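The values are calculated or read from the model by the stated rules, or taken from the named source; none is laboratory data. These numbers come from a predicted model, not from an experiment. Neighbour counts are summed over all protein chains in view; Cβ atoms, including those assigned to glycine, are modelled from backbone coordinates with ideal geometry. Accessible surface areas use protein heavy atoms only, side chains included; no ligands, DNA or RNA. Shrake-Rupley method; radii C 1.70, N 1.55, O 1.52, S 1.80 Å.
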Amino acid sequence: TAQPASHAQPPTIPPPFIFCLAVPPTMDLLASLHLDALPEQQTRTSRPSVAKALTNNPDIKLGFDACCTCAAPDVSVKCKGCGRVSYCSNKCRKEDANPPDDESQQLGHGSVVCALLRLCDNDEDVDEGSVGGDQKDDGAMEASRDRVRSEFESYPATLANVLMGGPAYQDVITHQSQGSGTLTVHIVGASAGVELWGDYQSNMFSDPDTDVYEAYAEALTDLVEMHNLEKIHLVFVGPDCPKKNVKQVKQITCYGGEGGGRKKGNKKSPCLLIETHKSNYDAAYLKNGPEFGSRSAGNCSPPPTANIVVFFNPGFTCSDYSWDGALSCIPAGVPFLVTTNTEMEAVADCQYLLVQNFIDALPQLVTDIINGDESGGDKQDDGEVQEEDCGIFFGENPFAGMRVRQSGNMANDVFVKNRWMIGGVRGEGLFGLKRKSLQKRQQMDSSPVKEKEDKKKKRKKLKGNTKKSNPALI
């Protein structure tokens with residue numbers, strides 16, 4: 001699998017009907033923390049005083065400007081372990097740390113959540129470049145640097161690996177390879193400090209000769225070699241992109257020899273062309289080019305037509321943004337990829353895409369989560385993200401980073417960027433005539449029922465996963 005790091009082994013191509021990925025150990029958050037699942041929404045909101053306070057003021061931040069246990073405005077007491085969750089009294093602090101009455105309740109500020117939040121302090125110090133030589137344990141800070149780095153690397157790693165293995169993208173990549181040889185990907189809503197790494201490189205990148213563009217080039221090497229592409233054109237577009245539009249070309253070195261990434265008779269080496277456009281993504285942009293930024297670099301022309309469209313953590317349902325215009329100008333039949341930070345956001349984004357007629361139906365797994373079906377987890381085996389009957393795949397992203405972040409609204413909620421993903425084809429359900437043949441292959445290749453049942457995991461029915469009981473989802 002492709003990562004932003006050199007390797008010598010050729011990629012392993014998963015079957016087209018199951019998106020089954022070999023997870024790189026350095027990118028596997030859960031294994032590194034010895035957890036079966038990341039406890040994302042664990043702030044307890046069922047207490048009457050909390051529910052009443054949230055009803056009166058949905059903008060209060062439990063554990064920050066209100067007691068995390070009772071929602072009182074007093075936040076004079078902090079957790080002694082992590083110092084990142086506040087309470088009105090020691091009584092409330094101890095109550096929040098007590099184990100839940102049953103498995104259907106949130107953990108509150110238990111030992112697992114507290115331990116995860118303690119990591120946030122180190123990670124924030126490293127991210128901000130504020131760590132002195134003798135400030136903290138060298139081993140702890142080195143681990144923190146790895147976590148922060150993995151979060152930034154998750155963008156090129158996710159892009160490369162999901163496009164390489166995702167069933168929705170194979171037809172268009174093959175078509176482009178056999179045609180123009182160029183695959184064009186629009187990364188919509190991109191920002192200078194996230195997908196393009198911002199100040200991260202100058203603060204702590206260990207190799208000064210390597211930059212974010214080199215990282216994308218290395219990550220996409222396997223995709224170029226696998227499909228014999230001549231060029232991958234990445235267009236990062238968003239109002240938070242760099243003020244001066246960028247246009248860079250990076251050569252891609254294929255590991256499979258001179259033939260990799262070249263058409264017969266073509267002596268040119270494959271390359272990655274990266275452009276950044278400071279602009280909203282709408283019909284005007286697609287027709288006229290970017291509306292902001294420097295146009296001296298020749299970036300005033302319209303962008304090339306997208307073969308694939310990618311959204312990293314877009315927040316479709318966040319009231320601060322409006323995505324209607326961006327989604328409406330993406331033609332039917334264009335494959336897409338969306339990542340989110342939490343399962344709850346992924347479910348909400350799926351519902352939004354359905355309302356916008358961007359997808360034709362919800363994956364069954366999403367429907368099960370919405371309905372609180374405890375058997376919903378049986379539809380997904382370990383390490384597999386399956387394409388469901390509606391042609392959309394939904395599940396955890398094995399190429400997310402290792403950095404855990406604290407929610408800014410509910411202090412016991414944690415998340416990992418790009419942890420969940422949704423993908424498919426815009427406005428198209430199934431893959432046409434391929435459906436029957438793929439189903440047949442899936443039946444032939446399936447393991448015995450007993451082995452399947454042994455691998456299945458039951459999904460815990462948390463109150464936090466239902467809209468009616470979780471103000472964050474509301």
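Observations
- So Asp74, is it without any contact (Cβ under 8 Å) to a residue 12 or more places away in the chain and either open to solvent by less than 40 Å² (accessible area, probe 1.4 Å) or assigned to a loop (DSSP other than H, G, I, E, B) (or both): no
- Of all residues in the range 363-383, none are small (Gly, Ala, Ser) and modelled with pLDDT of 90 or more.
- Residues satisfying the stated conditions in the range 33-52, i.e. open to solvent by less than 80 Å² (accessible area, probe 1.4 Å) and more than 17 Å from Asp96 (Cα to Cα): Leu33, Leu35, Ala37, Leu38
- In the range 173-253, counting only helices (runs of 4 or more DSSP H) that sit wholly within it, the ones holding 1 or more residues that are among the hydrophobic types (A, V, I, L, M, F, W, C), modelled with pLDDT of 90 or more and surrounded by 24 or more Cβ atoms within 10 Å (Cβ to Cβ) span 212-219, 221-227.
- The single condition among (1) within 22 Å of Glu40 (Cα to Cα); (2) in contact with a helix residue (DSSP H, G or I) (Cβ under 7 Å, 6 or more places away or on another chain); (3) not charged (D, E, K, R) that Cys114 does not meet is (2).
- Flag for Gly260 being open to solvent by 30 Å² or more (accessible area, probe 1.4 Å), out of contact with any Leu (no Cβ under 7 Å at 6 or more places or on another chain) and either modelled with pLDDT of 90 or more or not β-branched (Val, Ile, Thr) (or both): no
- Output for the range 314-359, where each listed residue is hydroxyl-bearing (Ser, Thr, Tyr), open to solvent by 20 Å² or more (accessible area, probe 1.4 Å) and either touching an Asp or Glu at 6+ places or on another chain (Cβ under 8 Å) or assigned to a helix (DSSP H, G or I) (or both): Thr317, Ser328, Tyr352
- Residue selected from the range 53-71 under the condition polar (S, T, N, Q) and part of a loop (DSSP other than H, G, I, E, B), by the criterion nearest to Gly108 (Cα to Cα): Thr69
- Some residue of the range 148-162 being among the aliphatic types (A, V, I, L, M), open to solvent by less than 10 Å² (accessible area, probe 1.4 Å), more than 16 Å from the chain's Cα centre (by Cα) and closer than 20 Å to Val237 by Cα: no
The rows are residues; the columns are (1) part of a loop (DSSP other than H, G, I, E, B); (2) in contact with a helix residue (DSSP H, G or I) (Cβ under 7 Å, 6 or more places away or on another chain); (3) at pLDDT below 95.
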{"position": "Leu30", "(1), (2), (3)": "no, no, yes"}
{"position": "Thr45", "(1), (2), (3)": "yes, yes, yes"}
{"position": "Ala51", "(1), (2), (3)": "no, no, yes"}
{"position": "Lys80", "(1), (2), (3)": "yes, no, yes"}
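- Residues satisfying the criterion are absent from the range 406-413 (criterion: touching a Cys at 6+ places or on another chain (Cβ under 7 Å), modelled with pLDDT under 90 and either buried (at least 18 other Cβ atoms within 10 Å of the Cβ) or more than 30 Å from Asp121 (Cβ to Cβ) (or both)).
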